[in-house]
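Notes follow once the structure below has been shown.
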Amino acid sequence: MKRFDKGYIYSSLLTDLFYSFVAVFILFDDLFLDEESPFEDITAAVPVFVVCFLAIYLIFVAYRILYYRASGYELTDREIRCHRGVLFRKRSVLDYKKVHAINKKQNIIHSLFGIAVLTVDSGSANTAHQAEITVIEKSEVVDALMRELNALKETGERSGACEPKREEVLLSDKDSLYCFSSAKKWLYILINIVSAAFFTVLFSILAITVIGIGKAMLELDFLGTWGEYFLYAVMIMAGGVLLLSIFTCIGSITHAFIGYYGFTVTKRDRSIQISYGLLEKHTNTFSYDRIKAVKISQGLIQRILGFASIRLEVIGYTVESGDNDKAAGLGVLIPFCKYDEIGEILNRVLPDYIPSEKRTRAVSFFPFLSWFLLIFGILTVILMTGTLALLVASGVSATVISAVMFGMLGAALLVFSLKLVSALLSYHTEGIAVENRKLTVYSGGFVKTVTVFMAKHLVAVENVTTPLRKKHGIASVVMHLKTNASSNEVKVHIQKDTLSDELETMLTL
Amino acid sequence: MKMNKLDKSVLKLWYIHAAIGALALVLAVLGVAAVLIATEVSGDIVLTVLVSVGTVVALLLGVILTLPLLRYRMYAWGYDDKRIVVKQGVIFRQRVVIPVCQIQDLHRTQGPIMMMLKLSGVTISTAGSNFDISTLTTEEADRLIDALEQNLETRVEELKHEEI
């Protein structure tokens, strides 16, 4: 067994300096942060702080050394073996043939010590939230291991390993077809800012109106004259928009320029590799046949301006985000592109997954609203009646009761308006195309999603209807896809009920 | 495909579950009433809260107690050599079709009340979601599992040259 690189200890101990510092404050907050602290000034507290810090840091040092000594990996003829852990020891064995995804991660501290983390995964449900094999090695060793494992997963054994396949860069920063160029990144940032500003303005106008009604009905003098009220309201709204825009701008710049730095999609025989990141470099490799679905998403503003992003769903990777190597950011194929370019881009990367034109559409508009109207209507009536009864019983004045009722009615109208717009968008979006055992599902309201997947990844079809809808030949269809999460469903609403029969036939052929 | 209805003892089980739920609900309401009375809130408010909550609870009790019968009437299941079909739902009616070749594993489960009534639940696990055939008699459940196992083997043999 070969041990992990010593750089693991050094890089971990560097981050542990920070953790120890935080831990001192958390564990001994009474000693240093409390008002009744025994230390009169900072000079008296420093030696005690240093002793506490060193004690905690020594525990980290001991743990890192023990972890290093207990960890190791080896590549045998048919499998990769790995063992790690101090208190809970884990030994993993993964057959080369079962290798599902190979990922490399290198953050800025790792790169200081020239190391990287390699995770190899089988896509098993048992290890859905943790990689099967973890190796911490010098960056160049990890690169060599990735190449070797990519070859081994094809042949299954070391003696039969062929030369690593030639890499063909499909889409990259320098590619003429798709380039996440600076101009595109700025446009992406601008769209994020416009989206944030749009919703801030929308909610601000609502707040101004509601408070304005309150001011008119309850004669709230502390809000000043109407002129003063509107002036301050507009100023606060402008301030809010500006503040949110600055935060969005900083977040988007970090995301676009640092997170997606050097974004490259590479093809290696039957595998696809996605690399990106400046401070934390990711290199994710997985087989074509493990790709379950391609998802094209468009938010409302992106939809209006004709832009989209493309994500991949891979069998063995859960859809939940989380602090683990398997979920983090794997799904992105194209972070931002023109909607019209999608066919051309997918033609180069995943030609099998080019979306087909929609063949069916939603057959009726009202069902998109009917159940919402019924449930929301009942809840609103119950809530308003209950509030009214409580206010009357408490002897509140008629003006206050009217103001509260108007407020509740206004909020209900707003929710209804949003649902109405969402239903209209869904009515125009929902539909499906079935073509040569490839399915393209169009769905969503404010966020439009086009999901393309193969019939072989479909595990069940569910037809959902109500007695009234059945009478009119209407049904929604839920398609269950292969996944190692609890479930992964794609839904298409309010279609002809013959659609599910067609899918069932395809499924059981 | 022949669709099967559930055994009558399943209805008994569902009514026991409904009675437990209803009892819990009534106890919760009594608890709220006791707290309100103990905290010396004005009589009008207590009355308003109790009437509102009481109305909602009465409606819920009605739903809890009628639902098992409606559910029982709508439930049907069946299978052939290629697929398993489950129909259920009172207002939203679902019809789930699971191809036999997608079965990963089959589970039979029993809780204490189910054991007393000689009933079992069957869960069909696929490479994606899990699907339940609500509650069958233990004998039916065993027969179903044996038949599905047999059908799975035959189907895998039939499809061994195809990508599934």
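Report summary: the helix-based calculation at 222 nm, which adds -39500 (n - 2.57) for every DSSP H run with n ≥ 4 and divides by the residues of the protein assembly as shown, gives -16000 deg cm²/dmol.
The phi torsions of region A:191-203, fed into the Karplus equation with coefficients 6.51, -1.76 and 1.60 and a -60° offset, translate into couplings of 5, 4, 5, 4, 4, 4, 5, 4, 6, 5, 4, 4, 6 Hz, rounded to whole numbers, with Gly and Pro shown as x. Only aspartates and glutamates eight or more places from A:Lys6 in sequence, or on another chain, were considered; those with a Cα closer than 17 Å are A:Asp16, A:Glu74, A:Glu137, A:Glu140.
Placing unit charges on the Cβ atoms only, positive for Lys and Arg and negative for Asp and Glu, gives chain B a dipole magnitude near 620 debye about its Cα centre.
R0 = 30 Å: FRET efficiency of A:Glu168 with A:Glu357, Cβ-based, nearest 0.05?
Plugging the Cβ-Cβ distance into 1/(1 + (r/R0)^6) gives 0.55.
This model, with +1 at the C-beta of Lys and Arg and -1 at the C-beta of Asp and Glu, gives chain A a dipole about its Cα centre of some 1880 debye. Once the chain from B:Asp80 to B:Thr39 is taken as fully extended at 0.36 nm per residue, the excess over their C-alpha distance is 8.5 nm. Projected onto planes of every orientation and averaged, the convex hull of the alpha-carbon atoms in region A:343-502 covers 13.1 nm². Excluding residues on the same chain fewer than 8 positions from A:Lys419, give the aspartates and glutamates whose Cα lies under 16 Å from its Cα. Output for A:Lys419: A:Glu430.
With 24 Å as the limit on Cα-Cα distance, the pairs of A:Lys104/A:Lys184; A:Lys470/B:Lys87; A:Lys267/A:Lys438 that go past it are A:Lys104/A:Lys184. Candidates A:Phe88, A:Leu58, A:Leu31 compared by Cα position along the dipole of region A:1-91: farthest toward the positive end lies A:Phe88, with charges placed on Cβ. For region A:367-428, the Kirkwood estimate of the hydrodynamic radius, built from every pair of different alpha carbons, is 13.0 Å.
Near A:Asp497: Cβ cut-off under 10 Å, other residues only, Lys/Arg at +1 and Asp/Glu at -1. The net charge is +3. Checked against a 19 Å cut-off, the cross-linked pairs A:Lys98/A:Lys281; A:Lys456/A:Lys482; A:Lys97/A:Lys295; A:Lys97/A:Lys138; B:Lys82/B:Lys160 give Cα-Cα distances beyond that limit for A:Lys98/A:Lys281; A:Lys97/A:Lys295; A:Lys97/A:Lys138. Dimensions of the protein assembly as shown from C-alpha coordinates, computed as largest minus smallest value along each principal axis and given longest first, are 82, 82, 56 Å.
Projecting the Cα atoms of A:Ser422, B:Leu36, A:Ile474 onto the dipole axis of the protein assembly as shown, where Lys and Arg carry +1 and Asp and Glu carry -1 at the beta carbon, places A:Ile474 farthest toward the positive end. When only Cα pairs below 8 angstrom with a gap of at least 6 residues are kept, region A:182-259 shows a relative contact order of 62 percent. Each of A:Val464, A:Ala433, A:Val234 was scored by the projection of its Cα onto the charge dipole of chain A, and the greatest displacement toward the positive side belongs to A:Ala433; charges sit on the C-beta of Lys, Arg, Asp and Glu. One quarter of the surface of the convex hull around the alpha-carbon atoms of region A:7-70 equals 4.5 nm², the direction-averaged projected area.
Counting only Cβ charges, +1 for Lys and Arg and -1 for Asp and Glu, the dipole size of region B:56-141 around its Cα centre is about 300 debye. Of B:Glu40, B:Glu140, B:Glu153, which has the largest mean-square fluctuation in a 10 Å C-alpha GNM of chain B? Highest fluctuation of the listed residues: B:Glu40.
The value of relative contact order for chain A, using C-alpha pairs under 8 Å at least six residues apart, is 12 percent. Normalised by the number of residues in chain B, the mean separation of alpha-carbon contacts (under 8 Å, six or more apart) gives a relative contact order of 21 percent.
Bear in mind these aren't lab numbers, they're just calculated from the coordinates by the rules spelled out. The shown structure was predicted, so the numbers you read here are calculated from the model rather than taken from an experiment. Cβ: placed from backbone, ideal geometry, glycine included. Neighbour counts: every protein chain shown.
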